[in-house]
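The values are calculated or read from the model by the stated rules, or taken from the named source; none is laboratory data. Predicted model only: the values in this text are computed from it and were never measured. Here the Cβ positions follow ideal geometry from the backbone for every residue, glycine too, while neighbour counts run over all protein chains shown. When the accessible area is computed, the model is the full protein with side chains, heavy atoms only, and any ligands, DNA or RNA have been set aside. Shrake-Rupley method; radii C 1.70, N 1.55, O 1.52, S 1.80 Å.
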Amino acid sequence: MRLALFDLDNTLLGGDSDHAWGDYLCERGFLDAVAYKARNDEFYQDYLAGKLDNDAYLNFCLEVLGRTEMATLDEWHLDYMRDCIEPIVLPKAIELLEKHREAGDKLVIITATNRFVTGPIAQRLGVETLIATECEMVEGRYTGRSTDVPCFREGKVTRLNRWLEETGHSLEDSYFYSDSMNDLSLLEQVANPIAVDPDPNLRAEAEKRGWPVITLRD
């Protein structure tokens, strides 16, 4: 079965779910609307610039999970899905997913954003297989730490290769859609790399290599 791999943020979504989660928590008063938002924005700019300290970011953004009851987190996430994610679900992304689904392809979302944030989003998009940064849990609660190899940059390749070994899938004739230069190492692994509304660095790289550049925005 052919694989169709998709980045999530700014690819299938018209925004960044991880950054939006932080903004949601600040706007609702669950986190410091000045200090936390400023640091969240700073990390996001580092990500866009390709210089994110991912370990520092994970320690920062997962801390709230470790000090909040699961029932409260689930309640917050429902509101977040309604208010923050639904408005940035892209109709053309839904069409693209359906095109690959109808072709009989295996759909996979592979994202640096953690599974707590992205699990319900993948379900909303109808994609069963999600490879994401993992949040550590102990006795049914988040610890506020990540676990396993973060699904970021070369870590995406590591996590995907392990999944391929576990499932028996291959990258033969595979597709990967992404907006970000941070995903260059994975784009280089697939048969059909496609830049989606790419950042300037990825756009230049795609044009240099002759990769297709598409938009899923209106």
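Here are the numbers for the structure shown:
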item	result
Selection count, region 123-145, where residues are over 15 Å from Asp16 (Cβ atoms) and either of a type in the set (S, T, N, Q) or without any contact (Cβ under 8 Å) to a residue 60 or more places away in the chain (or both)	13
Flag for Phe116 being part of a helix (DSSP H, G or I), within 21 Å of Gly66 (Cβ to Cβ) and among the aromatic types (Phe, Trp, Tyr)	yes
Helices (runs of 4 or more DSSP H) enclosed by region 134-213 - at least 3 residues per element that are of a type in the set (Lys, Arg)	154-167, 200-209
Among (1) without any contact (Cβ under 8 Å) to a residue 24 or more places away in the chain; (2) assigned to a helix (DSSP H, G or I); (3) touching an Asp or Glu at 6+ places or on another chain (Cβ under 8 Å) - the single one Lys99 does not satisfy	(3)
Scan of region 1-57 for residues that are of a type outside the set (Val, Ile, Thr), free of Cβ contacts under 8 Å to residues at least 60 places away in the same chain, more than 22 Å from Asn182 (Cα to Cα) and in a loop (DSSP other than H, G, I, E, B), ordered by number	Arg28, Gly29, Phe30, Leu31, Asp32, Ala33
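Let's see how each residue does on (1) open to solvent by 30 Å² or more (accessible area, probe 1.4 Å); (2) of a type in the set (A, V, I, L, M, F, W, C); (3) more than 21 Å from Gly14 (Cβ to Cβ):
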{"residue": "Asp46", "(1), (2), (3)": "yes, no, yes"}
{"residue": "Ala49", "(1), (2), (3)": "yes, yes, no"}
{"residue": "Asn54", "(1), (2), (3)": "no, no, yes"}
{"residue": "Asp83", "(1), (2), (3)": "yes, no, no"}
{"residue": "Ile94", "(1), (2), (3)": "yes, yes, no"}
{"residue": "Arg101", "(1), (2), (3)": "yes, no, no"}
{"residue": "Lys106", "(1), (2), (3)": "yes, no, yes"}
